[in-house]
Every structure is written in C-alpha cells, then in structure tokens.
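Scroll down for the structure; my scribbles are underneath it.
The values are calculated or read from the model by the stated rules, or taken from the named source; none is laboratory data. Everything numeric here is computed off the predicted structure, so don't read it as measured data. Backbone-built Cβ (ideal geometry, glycine too); neighbour counts: all protein chains shown. Ligands, DNA and RNA are excluded from the accessible area calculation, which covers all protein heavy atoms including side chains. Shrake-Rupley method; radii C 1.70, N 1.55, O 1.52, S 1.80 Å.
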Amino acid sequence: MRFLAQLFPEFTAKLDEMDALYTEKRLIDEKTYQFICFALSIKARSKPCVLKHVKGALDAGASLQELAYILALIMREAAGADDCWTHDVLGDVEEILAGHVACACQK
C-alpha cells in the first residue's frame, strides 16, 4: 500500500473512507467481522492481514479454538471446491484416455 499511498494518494484516501463507512454501518458484531476478515485473509494469502485479524478476533473475545475451527472450515471448503472443480474439468476420463483433449494450451 505504500506504493499507492505515495503515487496515488487519492485512491488510498478513498479506501480509508470505505473502511470508516464499514465501521460506521457495520451490521455484525466485531468478532464475526474479524472471523470473516480472517477467512478472507487466508484465501488471499496475506500474512499481514491474517495476523491483524487473528489479533482483532482475539481482542473481540474469540478463542484460539474458534480460530482453529475457522481455519479447518476454510481448508475443508477449499478442498471441497477443488474436488468439485477437478471432477468437472476431468469430466469423462475415457475421453481423456482416448486422447480427445481439447485445450488451448496444447500445440
């Protein structure tokens, strides 16, 4: 964000405005908010955000067990999505074995 703050400060100012609006209009409790942000941070693979939202969740009264449950849930849902997507891509294995593979990546 330092890059944007330096070269496009108007944009980062708008992000700050959005953060303030989210805080002002929040319809969920702080712990739930932190749990959602924790989950999104994991999927985005953002170490600083994971750390920030673990701390935020703990400060909002979350337990380490709750955070572990959310991590397990994220892993399970990701595995399920990967499983479904892969099965959709593979489709009919017999067609693949027969060499009937249409892929733009093949030459």
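What the table shows:
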| quantity | calculated |
| --- | --- |
| Subset of segment 1-10 (residues that are part of a helix (DSSP H, G or I), out of contact with any helix residue (DSSP H, G or I) (no Cβ under 6 Å at 6 or more places or on another chain) and of a type outside the set (D, E, K, R)) | Phe3, Gln6, Leu7, Pro9 |
| Leading residue by the ranking (surrounded by the fewest Cβ atoms within 10 Å (Cβ to Cβ)) among those in segment 56-107 that are β-branched (Val, Ile, Thr) and touching a residue at least 12 places away in the same chain (Cβ under 8 Å) | Ile74 |
| Selection count, segment 8-46, where residues are of a type in the set (Lys, Arg) and either in contact with a strand residue (DSSP E or B) (Cβ under 6 Å, 6 or more places away or on another chain) or surrounded by 10 or more Cβ atoms within 10 Å (Cβ to Cβ) (or both) | 4 |
| Close pairs from segment 6-22: first more than 18 Å from Tyr33 (Cα to Cα), partner open to solvent by 90 Å² or more (accessible area, probe 1.4 Å) and of a type in the set (A, V, I, L, M), Cβ under 9 Å, at least 6 apart | Thr12/Met1 |
| Test set (1) closer than 30 Å to Ala81 by Cβ; (2) at pLDDT below 95 - Thr23 fails condition number | (1) |
